[in-house]
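Participant: This is the structure, below, for whatever I ask next.
No value in this document is a laboratory result; all are computed from the given coordinates. Bear in mind that the values here come from a model prediction, so they are computed numbers and not experimental data. Heads up, the Cβs are rebuilt from the backbone with ideal geometry, glycines too, and the neighbour counts pull from every protein chain shown.
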Amino acid sequence: MNEKAFWIAFNQVPGIGPVRLAALIDVCGSVEAAWKAPIQRLKEAGLDRRSLESLLAMRRSLDLDAAWQRVVQSGVRVYTWDDDDYPENLRQVPLSPPVIFAQGELVEEDRLAVALVGTRQASAYGREVARGLARELAHNGITVVSGLALGIDATAHEAALEAGGRTIAVLGSGVDQIYPAKNRKMALAMIQQGGLISEYPLGTRPEANNFPPRNRIISGLSLAIVVVEAGQRSGALITAKFAAEQGRDVFAVPGSILQPSSAGCNALIQDGALPLLSINDLLEQLHLERVSVQREARQTIAADPTERLLLAHLSSEPVHLDEIVRLSAMPAAQVNGLLAMMELKGLVRQSGSMRYIKG
């Protein structure tokens, strides 16, 4: 039995989300052991009566082999907390989904991602801004993330595709239930230049309650979010709230104070969001001005196997050069040379004097 079958099994148990699943794995040792654990061990993990009953009922009724074969036959990829290729940006946020399903493939380059979100009732102004931002992000090698909704979302995805860039849509349904149907053709094209992802099992219909939670994934995948155009009650403001809680930069495009469709953006700016007046505001804030140069360097300069060894000792927390030398057990001169080359490629960057973090 593929271990991912147990992950997708837990994904279908009502009442067992990231917190409870993490507790189960901590107590039982693995997701498979948690699925097979006796009742007493499940209680030790802190499951309440309702969650325990839901889990036991699912264990009795779910055909694990059939559930896994359905995923395999659909061609859908499954990423779990245990996978090295689980999106790193998403892994770092609280309550990241234990399982995500994907049509298409998530790649290392997608860690450089920005979310463009906004109203479904987009004005000509909003659509033009979204189109221009998505095009420029694509030209700079930055993945565009959004929610596939009509309006700003669809415009952003479409412009990124047209510019030859990567774009990812986070769905409020299973990835086999594309919604809205009007965007189906575009969604299928996105599978070749990014993908469709969801935390919901295959077959899940697009219900209203599914959409607010998926917004935390849109922001979690991204280094920053841009609210292009939004009224005071727009769902894009929920994404902005999640982004702020996750420590992401929140940008808002200012609009006319006479236009209700810009009221949400203007209010965000009033509350401290960064006003976005040009793509350069975004690139400079995120230190992404050199992404295209770095990509060219990665393509033209041969990879050095020792680069991976250094990366193993780096994270989002700054590490002093002397500590990198000690951990890697390499000569200081070699480490210095490698770090300089890796910085050129965008694999690492300096964060303070002689301190480095992953790029």
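Participant: Please check: in the Gaussian network model of the chain (C-alpha springs, under 10 Å), which one of Asn89, Asn336, Asn140 has the largest mean-square fluctuation.
Facilitator: Most flexible of the set in this elastic network: Asn336.
Participant: Right, another one. How much length, in nm to one decimal, is gained on full extension between Gln259 and Ala208, taken as 0.36 nm per residue of separation minus their Cα-Cα distance? All intermediate terms of the calculation are to be shown ahead of the outcome.
Facilitator: Values: separation 51, 0.36 × 51 = 18.36 nm, distance 2.65 nm.
Using 0.36 nm per residue and subtracting the Cα-Cα distance, I get 15.7 nm.
Participant: Could you tell me the extents of segment 87-180's C-alpha atoms along the three principal axes, largest first, rounded to whole Å?
Facilitator: 39, 28, 24
Participant: Also: What is the log10 of I(q)/I(0) for segment 108-285, computed with the Debye formula using one identical point scatterer on each Cα and no solvent, at q = 0.09, 0.10, 0.17, 0.19 Å⁻¹?
Facilitator: Debye curve over Cα of segment 108-285, log10 I(q)/I(0) at q = 0.09, 0.10, 0.17, 0.19 Å⁻¹: -0.26, -0.32, -0.97, -1.24.
Participant: Give me the percent relative contact order of segment 73-213, please, defined on Cα pairs under 8 angstrom at least 6 residues apart.
Facilitator: Computed value for segment 73-213: 23 percent relative contact order.
Participant: Need the full-extension length gain, Leu309 to Ala333, defined as separation in residues times 0.36 nm minus the C-alpha distance. One decimal, nm.
Facilitator: 7.1 nm
Participant: Relative to the present Cα-Cα distance, how much length would full extension add between Gln350 and Arg120 at 0.36 nm per residue of separation?
Facilitator: Extra length available between Gln350 and Arg120 comes to 78.8 nm.
Participant: Follow-up. Which one of Leu52, Leu64, Thr80 has its Cα pushed farthest toward the positive end of the charge dipole of segment 45-99, where Lys and Arg give +1 and Asp and Glu give -1 at the Cβ?
Facilitator: Positive-end residue among those listed: Leu52.
Participant: Once all Cα-Cα distances of segment 1-66 are split into 5 Å bins that start at 0, what whole-number percent is in each one?
Facilitator: 3, 19, 35, 29, 12, 2
Participant: Set the Förster radius R0 to 41 Å, insert the Cβ-Cβ distance between Ser30 and Leu150 as r into 1/(1 + (r/R0)^6), and round the FRET efficiency to 0.05.
Facilitator: 0.45
Participant: Moving to a separate point now. Which of the listed residues, Gln40, Phe242, Gly220, is farthest toward the dipole's positive end in the chain, when Lys, Arg count +1 and Asp, Glu count -1 at the beta-carbon?
Facilitator: Gln40
Participant: Mean shadow of segment 197-285, computed from the convex hull of its alpha carbons, in nm²?
Facilitator: 6.4
Participant: Here's something else I'd like to know. I want to check the label-to-label distance for Arg233 and Val72. Put each point 7 Å from Cα in the C-beta direction and report it in nm to one decimal.
Facilitator: 4.8
Participant: Moving on. Using a simple spin-label model with points 7 Å from Cα along the Cα→Cβ vector, what separation in nm is obtained for Leu64 and Arg326?
Facilitator: Going by the 7 Å Cα→Cβ label model, 4.5 nm.
Participant: Let me know the Rg and Dmax you get for the chain when you use only its Cα atoms, in Å.
Facilitator: Calculated on Cα positions, Rg and Dmax stand at 21.8, 63 Å.
Participant: Rounded to the nearest 500, what is the 222 nm mean residue ellipticity of the chain from helices alone, with -39500 (n - 2.57) per DSSP H run of 4+ residues and division by all residues?
Facilitator: On the way: 18 runs with 166 residues, N = 359.
Calculated at 222 nm, the ellipticity per residue is -13000 deg cm²/dmol.
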